[in-house]
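The values are calculated or read from the model by the stated rules, or taken from the named source; none is laboratory data. What you see is a predicted model; the values in this text were computed from it and never measured. Here the Cβ is made from the backbone with ideal geometry for all residues, glycine too, and neighbour counts use every protein chain on show. Remember, those area values only see protein heavy atoms, side chains included, never the ligands or the DNA or RNA. Shrake-Rupley method; radii C 1.70, N 1.55, O 1.52, S 1.80 Å.
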Amino acid sequence: MSLTRWFLPEEPDVIGLLRAQLAVTLEALEAFADWANGNRDAGQAVRDAEPRGDQRKRELVSALRAAFVIPLEPEDVFALSRGIDQILDFARDLVAEAEVLDCMPDEGIATMAELMGEAVRHLDVAVAALGTDDEAANAAAEATISVQHHIGDAYYGGMANLLHEEDMRSRIKLRELYRRCSRIGEVIIEVAERIMYAIVKQS
């Protein structure tokens, strides 16, 4: 081992750490979709995933502080980790608000929840390819954005259907849940676009 290598800290597996955080978020979103389709017990699984997601984020930040060289710029890694964390946090918050309001999601929210899981699976593919196959990473990020467009369609379709809801209180409650779903979709876009931006900076 060279003296130079002896003095340098090991390069952390940033991609692996990001994917570990994504795995927890995807697990939460799968439970979220199950909950949105009527399984009330699945809401607890969403809540249980949140502290584990926080732990994965802390591990990544700790690795960044100790790293000498990483395959991505630290600001990009941090932005990706923060966005992934927000997706999980917002899903947990939506479940919590629905339970406080005693308002179970409707078909439109269930559709959006399932699409969110699909979008995050594309994000995982994109992150896995970062630094080794930028074309594949960019294509997966674009696929994420394409899924988000479907989430948007479900959002507007569901909001339109709410106009036919005769119970004013129910309509107001569901509207708030729809808005929370919309915000999750926005964060998914932000993560996908940050991946694309990181690729551009490396080229």
Within the stretch 33-53, tally of residues that are under 17 Å from A23 (Cα atoms) and in contact (Cβ under 8 Å) with a residue 60 or more places away in the chain:
1
Of the residues R194, R180, which is in contact (Cβ under 8 Å) with a residue 12 or more places away in the chain and within 17 Å of M112 (Cβ to Cβ)?
R180
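Looking at the stretch 108-119, is at least one residue closer than 15 Å to D48 by Cα, under 10 Å from the mean Cα position of the chain (by Cα) and either part of a helix (DSSP H, G or I) or modelled with pLDDT of 95 or more (or both)? Explain how you work it out, then say what you get.
Going residue by residue through the stretch 108-119, those that are closer than 15 Å to D48 by Cα are none.
Among the residues of the stretch 108-119, not one is closer than 15 Å to D48 by Cα, under 10 Å from the mean Cα position of the chain (by Cα) and either part of a helix (DSSP H, G or I) or modelled with pLDDT of 95 or more (or both), which makes the answer no.
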With the structure loaded, tell me whether V125 is closer than 22 Å to A23 by Cα, part of a helix (DSSP H, G or I) and open to solvent by 30 Å² or more (accessible area, probe 1.4 Å) or whether it fails that test.
yes
Please enumerate the residues belonging to the stretch 137-165 that are open to solvent by less than 40 Å² (accessible area, probe 1.4 Å), among the aliphatic types (A, V, I, L, M) and modelled with pLDDT of 95 or more.
A137, A140, A141, A143, I145, V147, I151, A154
The lone exception for H164 - which of (1) under 17 Å from G83 (Cα atoms); (2) assigned to a loop (DSSP other than H, G, I, E, B); (3) not hydrophobic (A, V, I, L, M, F, W, C) it fails
(1)
Which listed residue is part of a helix (DSSP H, G or I), open to solvent by 70 Å² or more (accessible area, probe 1.4 Å) and within 21 Å of I109 (Cα to Cα), from E50, E97, E75, E27:
E27
